[in-house]
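Structure first, commentary second.
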Amino acid sequence: MARKEYDNPKAEMTPMIDVVFQLMIFFIVTIKQEDIFSKLNANRPAPNSGSEQKEENDTSIKIDIGTEGVVFNGRGVSFKELDSHLKRLSASSTQSIVLIRCAANSPHGFLVRVLDTCNKYKMYNLSIFSMD
Amino acid sequence: MKKPKNEDVSLDMTPMIDVVFQLIIFFVVTLKMSDDKDTTIKLADGKNGIVLTQEELPPSQLTIDVSRSGRVSLCNITLTDKMLEQKIKERKARYGAEFPCMIRADKNTRHRDVARVMNICAACGVWKLSFVAIQEHKSKQ
């Protein structure tokens, strides 16, 4: 009697293979690849500490971020121009302090873009301030 | 001659079952079902930043999500400013002020909302902040 169960085992393989394929298809469809993330470091001085005034000297680079675009050392520039300005400045020194001032209504994407450009030219002395 | 051949085939089931279990275990382990972050956030591009790997994310790290509308959350749990302050203070007490504090903000979030989070961090003595960006797009959207 027990022997009889082993008689046509070939027929039992088919559902097993079906299950394997179903499983494989299910997981291939549901699995989604994650983006690769990066991090951009910056300093945030304590509010109302007056460090903004203290740190502001001629050697520092000032970048203002508004709702429309960026202002580099008092002149409105495009992101492309900002890139070339920073490239030029980084050639002499990458140690200079970059002061980034953001308007309250400016999109966060602009700030990330500026930080990314600074990172591109190895300028890591970044401080972020906010304007009301 | 034909019968014994069929009898041998039944032994072939064992590796098959092994493979199925291996597959199931592999996918169960690799698949992350729960979303421990705000999935509505669309990050900005940051090709030149430091690539985030598992080693860059020690248990001491804190990732603060700021959605487009300004919702501040940790592990997809919305926090008030006071609760966030408490969380940061807890981290600082345990790991010191140097723990990796990361802000995941949508590219269209107003700076005002990000500044609010940064001010809370700075007020707690955490000045070194990181912003999360996308190094390379892999998921199709």
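What follows is calculated from the coordinates using simple rules that are stated; it is not laboratory data. All figures in this text were calculated on a predicted structure; none of them were measured in a lab. We place every Cβ from the backbone using ideal geometry, glycine too, and count neighbours over all the protein chains shown.
Can you give me the Kirkwood hydrodynamic radius for the range B:54-131, using every pair of distinct Cα atoms, in Å to one decimal?
About 12.5 Å for the range B:54-131.
Sorted by packing (mean other beta-carbon atoms within 10 Å per residue), highest first, where do B:44-54, A:68-78, A:28-38 land?
Numbers: B:44-54: 16.0, A:68-78: 13.8, A:28-38: 12.3.
Order by mean packing, descending: B:44-54, A:68-78, A:28-38.
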Obtain the nm distance between the two label points defined at B:S69 and B:H137 by a simple spin-label model: each point lies 7 Å from its Cα along the Cα-to-C-beta direction. 2.6 nm
Evaluated at q = 0.12, 0.15 Å⁻¹: base-10 log I(q)/I(0), Debye formula over Cα of the range A:51-131: -0.29, -0.46
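Across the residues of A:95-106, average count of Cβ atoms on other protein chains within 10 Å?
On the way: counts 0, 0, 0, 0, 0, 0, 1, 6, 4, 7, 3, 6.
Counting Cβ atoms of other protein chains within 10 Å of each residue's Cβ and averaging gives 2.
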Taking only the alpha carbons of chain B, the radius of gyration and the largest Cα-Cα distance, Dmax, both in angstrom, are 23.5, 85
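Could you tell me the number of lysine pairs in the range B:54-131 with C-alpha atoms less than 20 Å from each other, where the two lysines are 8 or more residues apart or belong to different chains?
Close lysine pairs under the 20 Å cut-off: 4.
Using a 10 Å cut-off on Cβ to Cβ distances, tally the other chain neighbours for every residue of B:73-82 and report the average as a whole number.
On the way: counts 0, 0, 0, 0, 0, 0, 0, 0, 0, 0.
Mean partner shielding for this stretch: 0.
Go ahead and estimate [θ] at 222 nm for chain B from helices alone: -39,500 (n - 2.57) per DSSP H run with n ≥ 4, summed, over the residue count, rounded to 500.
On the way: 4 runs with 54 residues, N = 141.
Mean residue ellipticity at 222 nm (helix-derived): -12000 deg cm²/dmol.
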Calculate the FRET efficiency for B:E98 and B:L23 from the Cβ-Cβ distance with a Förster distance of 30 Å, rounded to the nearest 0.05. 0.10
